[in-house]
Every structure is written in structure tokens, then in C-alpha cells.
Amino acid sequence: MEFEMAFSKSKSKFEKSESSILSKILLNTLEKKMRRISFASVLLCVLCIFSLSFLSGCYTPSPLYGTWADNDGNKISFVSDGTFVAKVNDSDSNLITYEGSYNVIDNVIVFSTSDGLAVNTEWDIRGSVLYLTWTAAGTTKNLSLYHTSK
């Protein structure tokens with residue numbers, strides 16, 4: 001009987017130590033998996049935030065969009081799709097209408113009209129005034145246009 005009690009005590013100690021070893025191994029494995037999952041989650045969140053900030057930071061609307069006009073009747077409307085409509089007085093004060101597309105390269109606007117005319121001009125915006133030089137059909141006009149609408 002004494003032998004059986006000693007055996008059962010040692011068996012229970014062995015089972016307890018075996019179960020504690022197994023539980024430690026399982027806990028260790030779970031902790032490693034949780035660390036991997038949390039690291040992957042954090043990494044994914046950081047990548048998402050970086051992507052969103054990069055994409056939102058890339059698009060800045062052009063300050064040219066909208067309609068610009070002066071008190072002499074000169075008027076240019078820039079559309080976000082790259083088209084424009086301009087009404088500019090010629091040397092005889094006749095209002096000439098130009099339509100077409102435009103491209104902006106740094107501080108130069110390249111206007112390409114539907115009838116084949118190309119106008120290249122430097123531009124600058126100070127406050128709400130657009131400064132540019134319009135040269136067409138031998139006439140050069142220095143324009144100071146106010147932003148009237150977006």
C-alpha cells in the first residue's frame with residue numbers, strides 16, 4: 001500500500017510537471033503567434049496610413065482652375081480636364097475667342113487652340129491676380145486677371 005501511495009504521488013507530480021511543460025510550450029507558441037499577428041497588424045496599419053498620406057499628398061489642384069477676368073473684357077477659364085476658353089481684346093479692342101487645351105510646365109502655360117495657334121506664356125499668381133502675356137496674331141497683351149470663380 002505504501003508503494004502504491006508513493007507511486008501515485010510521483011505519478012501526479014509527473015503529470016503536473018508534464019502538463020505544466022505542455023502548457024508552457026503552448027503558451028510560448030501562442031505568444032509567438034500573437035507577436036507575429038500583432039507585428040503584421042501594426043505593419044499593415046502603417047503601410048495603409050503611409051499609402052493614404054502619399055496618395056492624398058500627391059494631388060494638389062492647380063491654382064489656375066476657374067475663371068479669370070479683368071475690367072477690359074479679357075477673360076480666361078481653365079477647366080480641370082485641360083481645356084480652356086479665352087476672350088482677349090486684340091489691338092482694335094475686338095474681343096477674340098480662343099478655345100482649346102493647355103498644359104502647365106512649371107511657370108509656363110502652353111495654350112493650343114482648336115484652330116492650330118500655339119501661345120506660350122510665363123504666368124504668376126500673386127494674391128488673387130493672374131499675370132501673363134498673351135501673344136497672338138502679332139498682338140502682345142500683358143494681362144492682369146482677377147480670379148472671379150472656381
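The values are calculated or read from the model by the stated rules, or taken from the named source; none is laboratory data. Keep in mind the model is a prediction, meaning the values are calculated, not measured. Ideal geometry is used to build each Cβ from the backbone, glycine not excepted, and the neighbour counts take in all protein chains shown. Please note that ligands, DNA and RNA were not included when accessible areas were found on the heavy atoms of the full protein model with its side chains. Shrake-Rupley method; radii C 1.70, N 1.55, O 1.52, S 1.80 Å.
Structure notes:
- Checked across the stretch 108-115, the condition of being closer than 12 Å to PHE84 by Cβ and open to solvent by 60 Å² or more (accessible area, probe 1.4 Å) holds for at least one residue.
- Matching residues in the stretch 104-118 - criterion: being among the hydroxyl-bearing types (Ser, Thr, Tyr) and either in contact with a Cys (Cβ under 7 Å, 6 or more places away or on another chain) or in a strand (DSSP E or B) (or both): SER112, THR113
- Enumeration of residues in the stretch 67-122 that are among the hydrophobic types (A, V, I, L, M, F, W, C) and out of contact with any strand residue (DSSP E or B) (no Cβ under 7 Å at 6 or more places or on another chain): VAL79, VAL104, ILE105
- Look at the stretch 70-81: where a residue is buried (at least 16 other Cβ atoms within 10 Å of the Cβ) and a partner is of a type in the set (A, V, I, L, M, F, W, C) and in a loop (DSSP other than H, G, I, E, B), sitting 6+ places away or on another chain with Cβ atoms under 8 Å, you get PHE78/LEU64.
The rows are residues; the columns are (1) open to solvent by less than 30 Å² (accessible area, probe 1.4 Å); (2) not aromatic (Phe, Trp, Tyr).
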residue: ASN89; (1), (2): yes, yes
residue: SER93; (1), (2): no, yes
residue: TYR102; (1), (2): yes, no
residue: ILE105; (1), (2): no, yes
residue: LEU117; (1), (2): no, yes
residue: TYR131; (1), (2): no, no
residue: THR135; (1), (2): no, yes
residue: TYR146; (1), (2): no, no
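- Cβ-Cβ distances below 7 Å connect the following pairs, each with a first residue in the stretch 112-132 that is under 16 Å from ALA69 (Cβ atoms), a second residue that is not in a strand (DSSP E or B), and a separation of six or more residues or different chains: TRP123/ASN107; ILE125/PRO63.
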